[in-house]
Structures are given as structure tokens and as C-alpha cells.
Amino acid sequence: MEELILQLKKEIIEVLNLEDIKPEDIDENASLFGEGLGLDSIDALELIVLMEKNYGIRLKDPNEGKAIFKSIAVMADYISKNRTK
Amino acid sequence: MRIVVTGAGIVSAIGIGKKETLDSLVEGRSGIRPVRYLETTHHEFPVGEVQLSNDEMCSLLGIDPQEPTTRTALMGMLALKEALEQAQLPTAHYPLSTIPLISGTTVGGMDKSEKYYLDFCENDTHNEFIRTHDCGACTEMMADHFGRFHRVTTLSTACSSAANAVILGARMLQNGETDCVVVGGSECITKFHLNGFASLMILDRKPCRPFDDSRAGLNLGEGAAWLVLESEEHARRRGIQPLAVLAGYGNACDAFHQTATSPDGEGPYRAMKEALEMAGVTPEKVDYINAHGTGTGNNDQSESVAIRRLFGEQVPPVSSTKAFTGHTTSASGTVEAVICLLAMQHGFLPANLRFKSTSDCIVPVTQTPNLQNPQPLRYVLSNAFGFGGNDSALLFEKVASGQWSVVSEGDRQLNTEHLTLNANKVYLLSAEQISAQEPLCEDWKENPIPLTEPLTRSREADYKQFIPPLEARRLGKILKRAIATAQVALSHASITTPEAIITGTGLGCIENTEIFLDALCRQGEDQMMPTRFMQSTHNTISSLVAIRLKAHGYNATYAHNTISFQSALHDALLQLAAGKIGNALVCAHDEMTPSYHTLLCKGGFLAGRHAAECAVSMVLSTQPTPQALCEIVGMRMLYRPTEAEKQQALDSLRSLALPCTTLHCINSMNSEFSTFFGTSYTAPALDLYAAAHIIESRPVLLCHDDGRHYTLILLAPCLKS
């Protein structure tokens, strides 16, 4: 799981173009949206694309993302249980 | 002055022409079907396609199918034909050369670009379609099919484009620039848009259900619709019975988010309110609202909030006809306006198909219309909202039979004089650039950097001082330049929030558009790129600036190749001269990538010239300041003019410079500035920017003549007291 969390942090930094942020700067239990990293709904869409491309998880309803993208730790947990690649 | 509609034409998934459209609406026949004409792998999304192939449309129009056309242009021509025929135009007395045509589109020639992109890049074939890509090219194709229109331009404000074309036409009539104008829009379905909307996850896999609890997104549609607008007096003199009066219109910016509407529906509320107030119509008088009603969770909820804010407990009958047509995007403003005109004429309320129940929205009309028992509709409101919060509303009033009498006053008084700012003087308070020269300063005056390469990219400013990193990270360069130039220009003009933001861009955010298109063509249709798509619409620039400035006023974007900037300037001058606004931020932005530059050279544009990028923001005001750069005295815009027409325009504008008779003339095609600012679609903005910074005692005449478009702008030095 540690490995997956680090991997996810790197992927998120790349896909969301989070310049000047390093994986160790992100608290995996902190909220991704609002307070915390301050991501928004467009970032959520990009995260959905990331999950599909890298882990073979396809969400049909963007609202499902709300619970999954609570924090990196929650997201990693969901991915580990549902990944198809 | 009352503005009347004397012609209307429509093409959509529910019919070719008004008769078929009416029948479908009355019989409840939806046009949402499995995809048939678009070559896509996304068969899971039902669409609202016009039920004609391109070849069938060519045959209806008498066009050789081998001719390079686009689906957007063909649909537009079919609808335009119907509108002109109904308005009995043109005639010997009323030739097209006296009538402007204003179109709204976003997709332009993307259907052919996505089909032939790899051919352009790799095989050097189908290059004739490189020129048909831009929005303006589609407008010109539609116009040229019928003859030589007086002038043309193209608005591109995403899904409110056609509604904003109506608004511009109405303003031109009210300002006396013309007495008759053709306005509308056209947009075909493309893989680009289908995949883009899919990446935003707002497409429903079933036929859409606007306002219903089970709604899960929109169905993409396509279509075209046009209106002929005239002054009431002009229509009477022509002896033509109007279909309706355009009683009011509103344009406001939600200034909230690139793809979502605010929870309180601020932009939609302001647009509807402005339309009603302009007409002096109180909310309870409105008999029907044709909602934007896309079927997405967000739109329908916030539109409901906005309607309730304006109409209170007495919400008039509302329906979204997108359940019939699908979302015809840029064309929806006039497609739905024509549906409103049919509803008024035949006295029925179009039903909101597939609605069952709602917990968070207004309850729309569901009854099937009964034409045997017509219902009088006097005032009808039509909403069109676009990405970036470009929100517009049109209010139509029925002309009761018997209230119309024809006046025959002999020959028509030709009134095609262009804008003369005789009402309010307009001053250019500030202007800033980011270009091939040192950014955000006037170093070019002393130390111009010569252009040596076929393409020179802009010298970037330090954007960190203008944009926080979290926001900057996903903005393309064109957007960063827009924000920086706007902020500096506004600060020099001591204005925090401009009353209007109007942008001209030939190609919009071409870098993101190209990345999306490239991935689509090379890697197939599973490349979901929401951010790229979101930034591919031309109006992203204007709306992003509005979001940052929280500017809820008028917001528009013009995308018509070499006259994009002049069109934006013209719109601002119209409103400033009329006293509608006191100041405006006018912007001109084009970026260029090496690969797209190669394509444009293949297409015949830019070849042999020093191409560059352009970012200009300028602040115009009716109030001069001691620092004001110059006065903008007037301008003229003509399309494919004769030499005599050019001379007439030149003479009439020169007369405004009197008593000065010697003007400093700058021609954009070989201007003294082009050696260091380079060539781009919006380069005329850099000419104006530079001229304003060097103007001394003589007035400056800026001329652009590219063989199709002829524009003149007259600047005069400010009188120093």
C-alpha cells in the first residue's frame, strides 16, 4: 500500500501539473479538494481519467468520485480493491 | 426603435425547415436517435443528428459534393435559405451587399479537420480543408453561397453563440448602422465535441431528461437557424409582415467556473433580468420560457434557481426543447428562438419530453400541445447559456394580427453607413502587449527585436505575480498572457472591474485544441482529456478573465480569422457610443505552435511571412483620463467590397478627422510594426496598440485589406488641455 500511495502521489503531481509540489509534501490523509491540496471539479475529472488509464477502473458517474477522492489514502485503498490492471 | 423578425429558417434533428419542426413539436416526435452519420466508436451516446448526409445537403443546395465544404456550413446554408426566402430577400432594391450577416459557431470546420488532420500532417493531401477549419471560414462559406453580404462576422461564445449573434445584430439596428441584418448560427456534431463532452462526463447514455430527477446529462445535437431582423420602419416600407418583435435581450457573465454554472444562477438571472428590463416587461407578463435546460444536473438546477429568483412564486410555463433536438450547442440560441416563434405563431407550449418528477428543479410543461385550442403567448423568453458562464436571453413579443400596417414610402433610403461615434466619444485609456517583443512594456519603441524566423513565439512575462500557482498549473500560455495583459491594462486605467469584456481570437486556444485533436486522430476515441477540451473553446479566454475579475457584465468572443479583433472592437464601440456601458476591456489573443504553423503554411496562410503570436488587452472608456493614449474616432468594416465601396468608406471616415486632412496611414499587411510584431490573425490589434503609443499630432488611420475583409479604424490624439 505504501508503494501504491507513493506511485499515486507521483501520478497526481504529473497529471494535474502540480508544479513545485513533491510527493513528500502531500499528506496522504489530507483532503484532496477544498482545504488540503485545493483541487476542484476539473481535477476530479482528470483523476477519473487517471484511474481508467492506469488502473483500468471506469467510473460512469462523476459523483462516485466524491467518496473515492477524499484523500490519497482512500483513493489508494479503492484502487487496490478494484484495479483491473 | 422596435426590431422585428421578418424571416426564420431552421434545421435540426426534428426537421428540415419550420413546417417539419412544428409537426415534430406538436406530435411529440423526438429527434434523439442512435448515432448514424458521425463516424464514431461512441455508439453508447444517443445524439440529435440532422437526418441528411452531407451529399444529400449538397444536392438540396445545388452544390458540387466535390467542393470543399463543412457540415456546419451546409446545415447553415439550408436554414439561411429558408430565412431569406421568408423575408423575401434579396431583391433589386434590397441587395445582400447592403445586409450584414452575423453567425455564431464554435466547432467551425472541425468535422473536416478531424477527418483529414493526419492527411494534412503526413500526406500533404486534402490541404484545401486547412482553410475551412476556422469559425470565420464557415461563416464566409455560408454567406458566399447566397452572394456578397455587406459584412460578416462570427461570435464564438460556446452554447450561447447564436443568441449573441442576435444581440449584436439588434445593437447594430438600434445604432442605425444598418436597417436589416441576418443573424444566427450553425454547429454540426463532431468526434471532437462528442469526446470532449464525454470527457467532462456530462453526456447521458439515454435520451436526455431535462429537469427530471433522473437526468444524467445532455445529448449532443446539431443544427442551424437564422433570423432576419429589421427595424420596424424598414419592414413596413418593404411591405413585409413580421413574425415577431425582438423586445429585449440580455448578456451577462456568470464569472464562476469554466464548465459549471454557479449554484445561485447569477449569470442566467442577470441575463434574463436585463432582457425583461430592456423591454419594460414585468416577470408576470412572460407567457413561456424556453429554458436552456441541457439535462445536466448542474445546469437544470441552477437555471431553476435563477428562474425562481426572477419570477418568484409565479413561474410561467417552462420547457426545454433539447429533449427533442439534443443540445445544438452554438446554434441553440437561434434554433430555440425559431421554436419560440413557432410556439407564438401557433399558440402552443412545446412539451418537455420524458419529464416525470423533480425534487430540485422547476416543474416543466409536459402536456402534448393541442393546436385546435390555441393558447395566446404574448411574451416568450428564450435562454442560451454557454461554457465560461456566457449567458444570454432573448425576449420575443407576438405581433397581433391587425396591428400591422404596411407603409409604402417609395424608394428605400439606403442606410449602410458604418459606426460613427457621434453619441459618446471613446478613449483608449491603456493598452498592453505580450508578443515577440519585450512583454508588458514599450521597449519596442527604442529597441525593437527583429523577427528572423518563420515563426517567433512570444517573450513570456513572469506570470507568478499575476496568477497563483494552483490556478496557473493548468492554464495554457494564451490564457496566462490574457490574464497578465488584462490586469496590467486595467491597473493603468485605474479600473478594477470592467463593464464589458470582449475578446477577438482567430483560432482560440489552438495549442490545447491541437493536442486534443492529435490524440483523437492518432490514438483513437478513448483519449479523455477534460482540461484540454475545456480550454479548446474560443471563449475560454474572455470568460477566464471574467472569472478572475468577478466581472458579471457583458462578455463576448469573436472568432473570425483576420477580423476577430476588429469585430471585438466594433462591439465595444457600439455599446460605448450608445452609452450602454462606460468602459470595456477589449482583448486580442492568438497563439501559434510550430506544428500548427506548418499546417497553416500548407493551407496558404502565413507562408512567406514572419508569423508570431499576439496578446493585447486594452481599456476603452467614454471618460478620458490625463494618461489616455488616444481617441478612437470611428471604424468601418466591409466584406468583399468593390473599389467604389472601399473609397466611400474611406472618404466617410476621413471626414471625421476634419479639419485634419493629412493622416498617418498604417496598412496591416505591410505595417511598419509588422517587422517586429509579426503576422497573426489578430495582428491588427498590435497595430492599434503600437499606433496608440506613438500617436502625436496627426490622426492615424489603420487599414486592413486582405482581399476579403476591409476594415478601417481612425484614431486621433487626445486634446491636451
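The values are calculated or read from the model by the stated rules, or taken from the named source; none is laboratory data. Just so it is clear, the model here is predicted, and its values are computed rather than measured. Neighbour counts run over all protein chains shown; Cβ positions are idealised from the backbone, glycine included.
Pull up segment A:45-57, narrow it to residues that are hydrophobic (A, V, I, L, M, F, W, C) and more than 9 Å from chain B (Cβ to nearest Cβ), then point me to the one that is nearest to A:Lys81 (Cα to Cα).
Looking at the filtered set, the residue picked out is A:Ile57.
Let me spell it out: the conditions are (1) part of a helix (DSSP H, G or I); (2) away from chain B (no Cβ under 13 Å); (3) within 13 Å of the chain's Cα centre (by Cα); (4) not aliphatic (A, V, I, L, M), and A:Lys66 meets all of them except one. Which number is the exception?
(2)
Exactly one condition in (1) touching a Leu at 6+ places or on another chain (Cβ under 6 Å); (2) touching a residue at least 24 places away in the same chain (Cβ under 8 Å) is not met by A:Ala44; state its number.
(1)
Quick check: is even one residue across segment B:47-56 among the hydrophobic types (A, V, I, L, M, F, W, C), in contact (Cβ under 8 Å) with a residue 60 or more places away in the chain, closer than 18 Å to B:Cys138 by Cα and assigned to a loop (DSSP other than H, G, I, E, B)?
Yes, that holds for at least one residue.
Would you check if B:Phe211 is in a loop (DSSP other than H, G, I, E, B) and on the phi > 0 side of the Ramachandran plot?
Against the criterion (in a loop (DSSP other than H, G, I, E, B) and on the phi > 0 side of the Ramachandran plot), B:Phe211 qualifies.
Could you tell me which residue of segment B:623-650 is surrounded by the fewest Cβ atoms within 10 Å (Cβ to Cβ), considering only residues that are under 27 Å from the mean Cα position of the chain (by Cα) and of a type in the set (Gly, Ala, Ser)?
Residue satisfying both the conditions and the ranking: B:Ala649.
Conditions tested, residue by residue: (1) of a type in the set (D, E, K, R); (2) within 21 Å of the chain's Cα centre (by Cα).
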residue	(1), (2)
B:Leu52	no, no
B:Leu60	no, no
B:Gln66	no, no
B:Leu78	no, yes
B:Gln86	no, no
B:Ile102	no, yes
B:Asp111	yes, yes
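May I ask you to say which residue of B:Asn512, B:Asn555 is in contact (Cβ under 8 Å) with a residue 24 or more places away in the chain, more than 14 Å from every other protein chain (Cβ to nearest Cβ) and surrounded by 23 or more Cβ atoms within 10 Å (Cβ to Cβ)?
That would be B:Asn555, the only listed residue that is in contact (Cβ under 8 Å) with a residue 24 or more places away in the chain, more than 14 Å from every other protein chain (Cβ to nearest Cβ) and surrounded by 23 or more Cβ atoms within 10 Å (Cβ to Cβ).
Which is over 23 Å from B:Met344 (Cα atoms) and surrounded by fewer than 21 Cβ atoms within 10 Å (Cβ to Cβ), of B:Ala260, B:Ala255?
The match here is B:Ala260.
Would you be able to say whether some residue in segment B:325-332 is part of a helix (DSSP H, G or I), under 26 Å from the mean Cα position of the chain (by Cα) and more than 21 Å from B:Glu49 (Cα to Cα)?
Just the residues of segment B:325-332 that are part of a helix (DSSP H, G or I), to begin with: B:325, B:329-332.
From what's left, under 26 Å from the mean Cα position of the chain (by Cα): B:325, B:329-332.
Restricting the remaining residues to those that are more than 21 Å from B:Glu49 (Cα to Cα) gives none.
Within segment B:325-332, none of the residues are part of a helix (DSSP H, G or I), under 26 Å from the mean Cα position of the chain (by Cα) and more than 21 Å from B:Glu49 (Cα to Cα).
Cβ contacts < 8 Å: first residue without any contact (Cβ under 8 Å) to a residue 60 or more places away in the chain and part of a strand (DSSP E or B), restricted to segment B:7-18; second residue hydroxyl-bearing (Ser, Thr, Tyr) and surrounded by fewer than 24 Cβ atoms within 10 Å (Cβ to Cβ), any location; separation 6+ or different chain. Result?
Listed by first residue and then by second, the contacts come to B:Gly15/B:Ser24.
Working carefully through the options B:Ile547, B:Ile541, find the one that is of a type outside the set (Phe, Trp, Tyr) and crowded, with 24+ Cβ neighbours inside 10 Å.
B:Ile541
How many of the residues in segment B:483-509 are surrounded by 21 or more Cβ atoms within 10 Å (Cβ to Cβ) and on the phi > 0 side of the Ramachandran plot?
Within segment B:483-509, residues that are surrounded by 21 or more Cβ atoms within 10 Å (Cβ to Cβ) and on the phi > 0 side of the Ramachandran plot number 1.
In the list B:Thr497, B:Thr537, B:Thr503, which residue meets the criterion of being in contact with a helix residue (DSSP H, G or I) (Cβ under 6 Å, 6 or more places away or on another chain), closer than 22 Å to B:Asn251 by Cα and modelled with pLDDT under 95?
B:Thr537
Considering segment A:1-36 alone, what residues qualify as being within 11 Å of the chain's Cα centre (by Cα), within 13 Å of A:Ser71 (Cβ to Cβ) and part of a loop (DSSP other than H, G, I, E, B)?
A:Glu28, A:Ser31, A:Leu32
Residue check: is A:Ile42 within 14 Å of another protein chain (Cβ to nearest Cβ), more than 11 Å from the chain's Cα centre (by Cα) and at pLDDT below 90?
Considered against the rule, which asks whether it is within 14 Å of another protein chain (Cβ to nearest Cβ), more than 11 Å from the chain's Cα centre (by Cα) and at pLDDT below 90, A:Ile42 comes out as yes.
Determine whether B:Thr531 is within 14 Å of chain A (Cβ to nearest Cβ) and either free of Cβ contacts under 8 Å to residues at least 40 places away in the same chain or within 25 Å of B:His560 (Cα to Cα) (or both).
Yes.
Just need a number here: residues in segment A:1-34 that are β-branched (Val, Ile, Thr) and more than 14 Å from chain B (Cβ to nearest Cβ).
1
Inside segment B:209-218, can you point out the residues that are among the hydrophobic types (A, V, I, L, M, F, W, C) and either within 14 Å of chain A (Cβ to nearest Cβ) or closer than 28 Å to B:Met142 by Cβ (or both)?
Hits for segment B:209-218 are B:Ala216, B:Leu218.
Within segment B:181-199, restricting attention to residues that are crowded, with 24+ Cβ neighbours inside 10 Å and of a type in the set (A, V, I, L, M), which residue is farthest from B:Arg236 (Cα to Cα)?
My answer is B:Ile189.
Which one is nearest to the other protein chains (Cβ to nearest Cβ) among residues in segment B:182-202 that are more than 18 Å from B:Ala163 (Cβ to Cβ) and in contact with a Pro (Cβ under 9 Å, 6 or more places away or on another chain)?
B:Met201
Can you tell me which residues in segment B:550-569 are at positive phi and assigned to a loop (DSSP other than H, G, I, E, B)?
B:Lys550
Hey, can you tell me all the residues within segment B:475-509 that are among the charged types (D, E, K, R) and in contact (Cβ under 8 Å) with a residue 60 or more places away in the chain?
B:Lys477, B:Arg481, B:Glu499, listed by residue number.
Does segment B:421-434 contain at least one residue that is among the hydrophobic types (A, V, I, L, M, F, W, C), touching a helix residue (DSSP H, G or I) at 6+ places or on another chain (Cβ under 8 Å), farther than 30 Å from A:Gly38 by Cα and modelled with pLDDT under 95?
Yes, that holds for at least one residue.
Run B:Leu714 past the list (1) surrounded by fewer than 20 Cβ atoms within 10 Å (Cβ to Cβ); (2) touching a Gly at 6+ places or on another chain (Cβ under 8 Å); (3) of a type in the set (A, V, I, L, M, F, W, C) and report the number of the one that doesn't hold.
(1)
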